[in-house]
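Before any comments, here is the structure.
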Amino acid sequence: MPPTILVFSVFLDFLQEGIEKIKDPRSESNGTKFKISDAMLSAFSMFFMQCQSFLEYQRQLQSRSGKNNVQSIFGVEKIPSDQQIRNILDLISAKSLNAVFEKVYKFLQMGKHLKRYERLDRNLLICLDGTEYHSSSKISCECCSTRNHRSGKITYSHTAILPVIAAPGCEQVISLPPEFVTPQDGHEKQDCETAAAKRWISKHGHLFEGQAITLLGDDLYSRQPMCQNCLEANMNFIFTCLPSSHPSLYQWLDYIEKNGEVQNLTTKHRKKSIEIYSYRFVNQIPLREQEPSLLVNWCELTVRNSVDNSEVYRNAFVTNHAVNIDNVAVVVETGRCRWKTENENHNVLKTKGYNLEHNFGHGQKHLSSTLLSLNLLAFLFHTILHLIDSSYQEIRRKRGTRRGFFQDILSLTKYFLFKSWQHLIDFMLDEAPVFADSC
Ligand SMILES: [Zn+2]
């Protein structure tokens, strides 16, 4: 583990290095008053501090004291206006930030911080799940997906796959580069989530060389082309498999169950009352009716309350992991962990301060997606600090609630100048009644 004091600055270096590599698309005659890095880092700081007024507070601090915390904590030379930030970011593709996510992943991998996320014979679990973060009948850009209604109305939307590393029992999820569902060059058809997922695998598969990966996804993913795509990329999969979308697989299952070839396991678990876990599983079953069909391994869990025999939970999965009596519970538990993307990722991003669905600015081309990537990076940085930075862990524990912590850092930086992020955290941890220094 690196010295605690370095964690935030290491990640800020990754972000600054990534931004420095972005080619400025503005012509010189177009006026380049503000640097791309100032626009990018200013927007990032707003997401990191979880306050849309953060930059305005810092402009006020600048006019009062000649200095500000966006400069000292985030390395911005001069804070652009909100409109200037939007104008610049609209020109920059969100793809240019993918390298920052990749660097953070490599850092965590080298530091062995991801070991706790491995399951099923050292497989790192990656949940793939799409989420819509913009929908409007009025606001649109050239990267919007469109839905034409019979009434003649058009809905414009943005959806992204936000892959995360997750594992049962691990509270935090770790964001990987997003992939946007957006009209593709040379394709007339609307883009879709599974096509975006396949692009994600081919773009980022190299990142996981030497690391076994199991991809997790909902029923949308358990189709043959997607499963084949995973196997061709040397990745394993556990995808939800509903009877409604796989009728022929379930017909096969009925047939072989009558022949006694489906195996069963029952276990008891003490929750509020005793719950009965009934597993069924079979290996090498055709995924679809159409030939050639991939042979997959199928497992199902039904949970019943022992008191009234009511069904508490039921779900089934297909996987390429061989399922047996010893590992069926782990395979199912791993497949069920996909809900984490909704609970720990989408829900936190949408409702807990990051306001993913809020329109921070839409622009003509890239703004909406580039802002989303910066917001995700802010979430990732806080997650990593929470995971490996002891002073951050201590302040979060002391402060109790997420909201309380963010209120504190916002209030402090509104009135006081801090030399760095660590200076701010150390100040908050210092229980002696002192005032922050003026820088
Ligand atoms: Zn748009």
>> Name the residue from Asn297, Val307, Asn324 whose Cα lies farthest towards the positive end of the charge dipole of the stretch 238-328, charges +1 on Cβ of Lys and Arg and -1 on Cβ of Asp and Glu.
In response: Val307
> Which Cα, out of Gln251, Asn283, Met40, lies furthest along the positive dipole direction of the chain (beta carbon charges, K/R +1, D/E -1)?
Replying inline: Met40
>> Taking the alpha-carbon distance from Lys78 and a cut-off under 23 Å, which lysines remain once sequence neighbours fewer than 8 residues away in the same chain are dropped?
In response: Lys21, Lys23, Lys33, Lys35, Lys67, Lys414, Lys419
> Relative contact order, percent, of the stretch 238-328 when contacts are C-alpha pairs under 8 Å separated by at least 6 residues?
Replying inline: 29
>> Take Ser411 and His386, extend 7 Å from each Cα along the Cα→Cβ direction, and tell me the distance between the two endpoints in nm.
In response: 2.2
>> Need one value: the accessible area of Lys352 in square angstrom, 1.4 angstrom probe, rounded to the nearest 10.
In response: 90
>> Can you list the DSSP H helices in the chain whose Cα atoms extend at least 24 Å along the helix axis and whose mean Kyte-Doolittle hydropathy is 0.5 or higher?
In response: 367-388
> Relative to the present Cα-Cα distance, how much length would full extension add between Lys95 and Gln290 at 0.36 nm per residue of separation?
Replying inline: 66.5 nm
>> If the only charges are +1 at each Lys and Arg Cβ and -1 at each Asp and Glu Cβ, what is the size of the charge dipole of the stretch 54-138 around the Cα centre, to the nearest 20 debye?
In response: 340
> Suppose R0 equals 41 Å; then what is the FRET efficiency for Ala233 and Arg64 from their Cβ-Cβ distance, rounded to the nearest 0.05?
Replying inline: 0.15
> Fully extended, how many nm does the chain gain between Gln83 and Asp426 (0.36 nm per residue separation, minus their Cα-Cα distance)?
Replying inline: 120.1 nm
>> How high is the relative contact order of the chain? Use alpha-carbon pairs under 8 Å, at least six apart in sequence, and give a whole percent.
In response: 19
> How long is the gain from Arg399 to Ala322 if the chain were fully straight, where each residue apart is worth 0.36 nm and the alpha carbon distance is subtracted?
Replying inline: 23.2 nm
> In the stretch 115-142, which residues have a backbone nitrogen under 17 Å from the label point lying 7 Å from Gln263's Cα in the Cα-to-Cβ direction?
Replying inline: 120-121
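For an R0 of 30 angstrom, estimate the FRET efficiency from the Cβ-Cβ distance between Ile139 and Lys21 and round to the nearest 0.05.
With R0 = 30 Å, the Cβ-Cβ based efficiency is 0.45.
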>> Can you return the aspartates and glutamates within cross-link range of Lys103? Criterion is Cα-Cα under 19 Å, with same-chain partners fewer than 8 residues away left out.
In response: Asp13, Glu17, Glu20, Glu179, Glu209, Asp389
>> Given the DSSP H assignment, sum -39500 (n - 2.57) over each helix run of at least 4 residues in the chain and divide by its residue total; what's the result at 222 nm in deg cm²/dmol, nearest 500?
In response: -11500 deg cm²/dmol
>> Charges at C-beta only: +1 for Lys and Arg, -1 for Asp and Glu. How large is the resulting dipole of the stretch 238-328 about its Cα centre, in Debye rounded to 20?
In response: 440
> How big is the charge dipole of the chain about its Cα centre, in debye rounded to the nearest 20, if each Lys and Arg gets +1 on its Cβ and each Asp and Glu gets -1 on its Cβ?
Replying inline: 840
>> Tell me which of Ala212, Thr182, Ser137 sits at the most positive position along the dipole axis of the stretch 120-223, charges placed on C-beta atoms (Lys, Arg +1; Asp, Glu -1).
In response: Ser137
>> Going Cα to Cα from Lys352, which aspartates and glutamates come in below 17 Å? Please leave out same-chain ones fewer than 8 positions away.
In response: Glu132, Glu171, Glu342, Glu344, Asp408
> Cα centroids of the stretch 60-75 and the stretch 389-410: how far apart, whole angstrom?
Replying inline: 22
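The values are calculated or read from the model by the stated rules, or taken from the named source; none is laboratory data. Source: prediction; values computed, not measured. As a convention, Cβ positions derive from the backbone with ideal geometry for all residues, glycine included, and neighbour counts pool all protein chains shown. Keep in mind that these areas ignore ligands, DNA and RNA; they rest on the heavy atoms of the full protein, side chains included. Shrake-Rupley method; radii C 1.70, N 1.55, O 1.52, S 1.80 Å.
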